[in-house]
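Here the structure is laid out as structure tokens; the discussion comes afterwards.
The values are calculated or read from the model by the stated rules, or taken from the named source; none is laboratory data. Keep in mind it's a predicted model, so treat the numbers as computed, not measured. Here the Cβ is made from the backbone with ideal geometry for all residues, glycine too, and neighbour counts use every protein chain on show.
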Amino acid sequence: MNPAPNVSDIPVLTIDGPSGSGKGTVSARVAAALDWHLLDSGALYRAAGYAAGVAGLDLSDAEAVARCARAMRVRFRAGSDGAAGRVMVNGHDATDALRTETAAGAASAIAALPEVRAALVDLQLAFRRRPGLVADGRDMGTVIFPDAAFKVFLTASAAERAKRRYKQLKAKGLGITLAGLQREIEVRDRRDATRAVAPLKPADDALVLDTTGIGVEEVVAKILAVVRP
């Protein structure tokens with residue numbers, strides 16, 4: 001898939017940040033408020049990892065995973081009022097599977113593979129459609145949409161992000177320890193920040209917002225004030 005012609009004048013807001021920074025919830029609400037399209041790039045990487053797992057592929061086999069990613073069909077079913085929707089992967093509802101820590105780990109692992117990243121670039125660019133796009137991810141403002149008119153980088157302490165994720169997983173009845181979850185987040189942070197390809201970092205022209213101790217609505221309001229002052 002290729003982006004539509006003459007897309008340079010279509011506004012893009014990139015919201016990057018580490019796992020648990022709140023960018024998924026915030027991006028969905030901002031997109032709903034602006035009535036713009038939403039790209040959850042993390043879901044695409046999780047979907048690629050999911051599809052590779054279903055196919056029985058070794059996630060370290062870059063070429064095989066890249067081929068799987070290119071052939072993958074992903075469709076988002078939008079939720080209401082900024083709520084998370086459903087994600088269809090190759091015709092199957094993979095939403096719940098994509099929200100697990102296993103899927104997050106697989107996404108982080110394959111995101112470090114240049115072949116996989118290249119395979120997903122065109123798919124991400126194709127989401128840039130009128131009237132505008134909110135792109136949620138880790139390299140949206142630095143790599144995929146470097147010309148974006150608006151760029152935000154959300155962050156929060158590892159302890160804060162672990163607490164948020166812990167509450168989500170406990171609500172689902174999943175057995176996991178807070179200490180173990182924080183260790184996983186710290187390991188993932190180091191891997192994402194030090195990888196050779198598209199390391200996780202704010203774009204030079206991004207607004208950096210620390211969401212530690214700040215409610216979602218306040219963060220959304222801060223971002224909307226940037227886009228439509």
Problem set entry | Selected residue [buried (at least 23 other Cβ atoms within 10 Å of the Cβ), among the acidic types (Asp, Glu), within 19 Å of the chain's Cα centre (by Cα) and modelled with pLDDT of 90 or more] from 93, 16 | 16
Exercise. Quick one: what pairs do we get from region 52-65, first residue of a type outside the set (Asp, Glu) and at pLDDT 95 or above, second surrounded by fewer than 15 Cβ atoms within 10 Å (Cβ to Cβ) and not in a loop (DSSP other than H, G, I, E, B), C-beta under 7 Å, 6+ apart or different chains?
Worked result: none
Exercise. Considering 201, 172, 167, which residue is surrounded by 15 or more Cβ atoms within 10 Å (Cβ to Cβ), charged (D, E, K, R) and out of contact with any Cys (no Cβ under 6 Å at 6 or more places or on another chain)?
Worked result: 201
For this session: Sort through 98, 133, 120, 154 and tell me the only one that's crowded, with 18+ Cβ neighbours inside 10 Å, touching a His at 6+ places or on another chain (Cβ under 7 Å) and touching a residue at least 40 places away in the same chain (Cβ under 8 Å).
Result: 133
Exercise. Would it be correct to say that residue 87 is farther than 24 Å from residue 209 by Cβ, in contact with a Lys or Arg (Cβ under 8 Å, 6 or more places away or on another chain) and among the β-branched types (Val, Ile, Thr)?
Worked result: yes
Exercise. Restricting attention to region 73-86, does a residue exist that is over 24 Å from residue 151 (Cα atoms), of a type in the set (A, V, I, L, M, F, W, C) and surrounded by 14 or more Cβ atoms within 10 Å (Cβ to Cβ)?
Worked result: yes
Problem set entry | Counted residues, region 179-190 - those being out of contact with any Ser or Thr (no Cβ under 6 Å at 6 or more places or on another chain) and either surrounded by 14 or more Cβ atoms within 10 Å (Cβ to Cβ) or basic (Lys, Arg) (or both) | 8
Problem set entry | region 219-229 - residue that is loosely packed, with under 13 Cβ neighbours inside 10 Å and of a type outside the set (A, V, I, L, M) and, of those, nearest to the chain's Cα centre (by Cα) | 228
For this session: Quick one: residue 208 ticks every box in (1) crowded, with 17+ Cβ neighbours inside 10 Å; (2) β-branched (Val, Ile, Thr); (3) under 19 Å from residue 20 (Cα atoms) except a single one, so which number is it?
Result: (1)
Seminar exercise, completed: Here the residues within region 27-53 that are over 19 Å from residue 113 (Cα atoms) and outside any strand (DSSP E or B) are 27, 28, 29, 30, 31, 32, 33, 34, 35, 36
Problem set entry | Sole exception among (1) touching a strand residue (DSSP E or B) at 6+ places or on another chain (Cβ under 8 Å); (2) of a type outside the set (Ser, Thr, Tyr); (3) part of a helix (DSSP H, G or I); (4) touching a residue at least 40 places away in the same chain (Cβ under 8 Å) for residue 185, by number | (1)
